[in-house]
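Engineer: This is the structure, below, for whatever I ask next.
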Amino acid sequence: MSLSTARMFLLVALSVAPSAIFAQDKPAKAPAQDPSTYMHVHAPFAEDLVNKVKAAHNDELVKLGIHAVPPGETDNVIIANITPSKIGKKSSEGDLKNLATGKPVAKKLDKDKTFDLLLPLTDAKGRDLDGGFVVMEVPFTKASDEEEAIKIGVAVRDDIQKQIPSKKALYK
């Protein structure tokens, strides 16, 4: 191999090497969400609100999300969640049955050491949000039983509600 051919080979190798190295750093593409269990939702106000309230109640909560029926839709879904990949997931049959009671519900999750809560949600004036409810998990370290967990949940839910001017605002 001549010196000029060797130089050319080296230049090509050096120009390709950085892209080959950095290509390995790209995260794996997430699988597409199943349309039977997910829908596209755009609720930036609700997303900001969930993140703000979670930060304000960080010690009391493990998880936090809001469910509702978005405008023009018929399915109740997660419209905001501190875990973005959950946004758009259709609400479970169990959650909808709990919502139908119209009362806060707490379930003890021994394996997670948390209380899983569901509380109906309205706007600041008490108006319906089309099946609105908030879900959260309160760790055992903050509540000794379901009743204490619900007290924490009601305070968090009330904090969220007072900041929702209207159903329409959630999606702006």
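Engineer: From G65, G88, G94, which residue is within 21 Å of K162 (Cα to Cα) and either modelled with pLDDT of 95 or more or within 15 Å of the chain's Cα centre (by Cα) (or both)?
Structural biologist: Details: G88 fails: within 21 Å of K162 (Cα to Cα); G94 fails: within 21 Å of K162 (Cα to Cα).
After applying the criteria, what remains is G65.
Engineer: How many residues are of a type in the set (S, T, N, Q), closer than 13 Å to F133 by Cα and not in a loop (DSSP other than H, G, I, E, B) if we restrict to the stretch 77-111?
Structural biologist: Narrowing the stretch 77-111 to residues of a type in the set (S, T, N, Q): 81, 83, 85, 91-92, 98, 101.
Next, only the ones that are closer than 13 Å to F133 by Cα stay: 81, 91-92, 98, 101.
Those still in the list that are not in a loop (DSSP other than H, G, I, E, B) too: 81, 98.
Qualifying residue count for the region: 2.
Engineer: Right, here's the next one. Which residues, counting only those in the stretch 137-172, are touching a Ser or Thr at 6+ places or on another chain (Cβ under 9 Å) and within 20 Å of G94 (Cβ to Cβ)?
Structural biologist: E137, V138, A149 - these are the residues of the stretch 137-172 that are touching a Ser or Thr at 6+ places or on another chain (Cβ under 9 Å) and within 20 Å of G94 (Cβ to Cβ).
Engineer: Tell me, which residue of the stretch 116-158 that is among the hydroxyl-bearing types (S, T, Y) and exposed (fewer than 14 other Cβ atoms within 10 Å of the Cβ) is farthest from the chain's Cα centre (by Cα)? Show your work before the answer.
Structural biologist: So the first thing to find is which residues in the stretch 116-158 are among the hydroxyl-bearing types (S, T, Y), and the list is 122, 141, 144.
Checking which are exposed (fewer than 14 other Cβ atoms within 10 Å of the Cβ) leaves us with 141, 144.
Values: T141: 23, S144: 26 Å.
Checking each candidate, the answer is S144.
Yes or no, residue by residue, for (1) touching a Pro at 6+ places or on another chain (Cβ under 9 Å); (2) aromatic (F, W, Y); (3) in contact (Cβ under 8 Å) with a residue 60 or more places away in the chain; (4) crowded, with 19+ Cβ neighbours inside 10 Å:
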{"position": "I66", "(1), (2), (3), (4)": "no, no, yes, yes"}
{"position": "P71", "(1), (2), (3), (4)": "no, no, yes, no"}
{"position": "D75", "(1), (2), (3), (4)": "no, no, no, no"}
{"position": "I79", "(1), (2), (3), (4)": "yes, no, yes, yes"}
{"position": "K86", "(1), (2), (3), (4)": "no, no, no, no"}
{"position": "G94", "(1), (2), (3), (4)": "no, no, no, no"}
{"position": "V105", "(1), (2), (3), (4)": "no, no, no, yes"}
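Engineer: Now for a separate question. Among the listed residues F133, F115, identify the single one that is at pLDDT 95 or above and touching a His at 6+ places or on another chain (Cβ under 7 Å).
Structural biologist: On the way: F115 fails: touching a His at 6+ places or on another chain (Cβ under 7 Å).
Answer to the selection: F133.
The values are calculated or read from the model by the stated rules, or taken from the named source; none is laboratory data. Treat the numbers as computed from the prediction; the structure is a model and nothing was measured. Using ideal geometry, Cβ is built from the backbone for each residue, glycine included, and neighbour counts are taken over all protein chains shown.
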